[in-house]
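Accompanying notes for the structure given below.
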Amino acid sequence: MSIEFSSFENALAQNNQNKGVFARFYDKLIKTGEINAKGLPVFEKKLYVEIKIRDQYDVFDQPACEDHIKRFEPQYLHYLKEQKQKKQGTPLSMFAFLSPEQIECCYFRDIYNLEDLSKLDSKKARDLNLETEKELAEQFLKVSKNNQALFQMQKKQKEYLQQIEELKTEITRLKKYEPKS
């Protein structure tokens, strides 16, 4: 349901100091109207804010501006912390063993990546009903640590094969200039 922004501002004015107003900052991908070299649409990441007022069904979803950031500073700081944490580890959203509700539950408790989930205290995991997910995260990280060694070996093998090909080419070139006896 969409309502004019002016009615939204009036509702906020009646609600002193944001009491009963909830805001959530998030990134939204917006089509730019451009197409890249591969013929695919180009998207730009924009900061949006979702605002809800207690006891109302309307949700005001719009691009965030400086006024929103100043007005909802704690929520914006939470958004920044979430972004920083997501960059430091493996995002929870990449794994099928977590439902969207479980991911939101983790975010609410400042758990933003798989590494944080795996380090979660067993009692806290039990309280959050994330025991199985914690175990799966631990297993995944253990396996992926072993995969890192495999990726390094594959990289070295590729380098060696490239060197061998270069040496073969050099040998062929040198054989052309070999004197006849």
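The values are calculated or read from the model by the stated rules, or taken from the named source; none is laboratory data. Since the model is a prediction, treat every value here as computed from it, not as a measurement. Counting neighbours? That spans all protein chains shown, and the Cβs are built from the backbone with ideal geometry, glycine included.
Take the conditions (1) within 28 Å of residue 138 (Cβ to Cβ); (2) in contact (Cβ under 8 Å) with a residue 40 or more places away in the chain; (3) hydrophobic (A, V, I, L, M, F, W, C); residue 60 misses just one of them, which is (1). Tell me, which residue of region 72-91 that is more than 19 Å from residue 45 (Cβ to Cβ) and touching a strand residue (DSSP E or B) at 6+ places or on another chain (Cβ under 8 Å) is modelled with the lowest pLDDT? Top of the filtered list is 89. Would you confirm whether any residue within region 142-158 is modelled with pLDDT of 85 or more, β-branched (Val, Ile, Thr) and assigned to a helix (DSSP H, G or I)? There is no residue in region 142-158 that is modelled with pLDDT of 85 or more, β-branched (Val, Ile, Thr) and assigned to a helix (DSSP H, G or I).
When restricted to residues that are in contact with a helix residue (DSSP H, G or I) (Cβ under 6 Å, 6 or more places away or on another chain), assigned to a helix (DSSP H, G or I) and not aliphatic (A, V, I, L, M), region 107-124 contains 1.
Of 121, 110, all but one fail to be among the acidic types (Asp, Glu), at positive phi and free of Cβ contacts under 8 Å to residues at least 40 places away in the same chain; the exception is 110.
Condition first: under 27 Å from residue 110 (Cβ atoms), surrounded by fewer than 11 Cβ atoms within 10 Å (Cβ to Cβ) and more than 22 Å from the chain's Cα centre (by Cα). Can you find one or more residues in region 52-66 that meet it?
yes
The residues in region 84-118 that are in contact with an Asp or Glu (Cβ under 9 Å, 6 or more places away or on another chain) and surrounded by 14 or more Cβ atoms within 10 Å (Cβ to Cβ) can be counted, and the count is 13.
All conditions but one from (1) farther than 24 Å from residue 52 by Cβ; (2) surrounded by 10 or more Cβ atoms within 10 Å (Cβ to Cβ); (3) at pLDDT below 85 apply to residue 165; the one that does not is (3). Of everything listed in (1) exposed (fewer than 12 other Cβ atoms within 10 Å of the Cβ); (2) modelled with pLDDT of 80 or more, the single unmet condition for residue 40 is (2).
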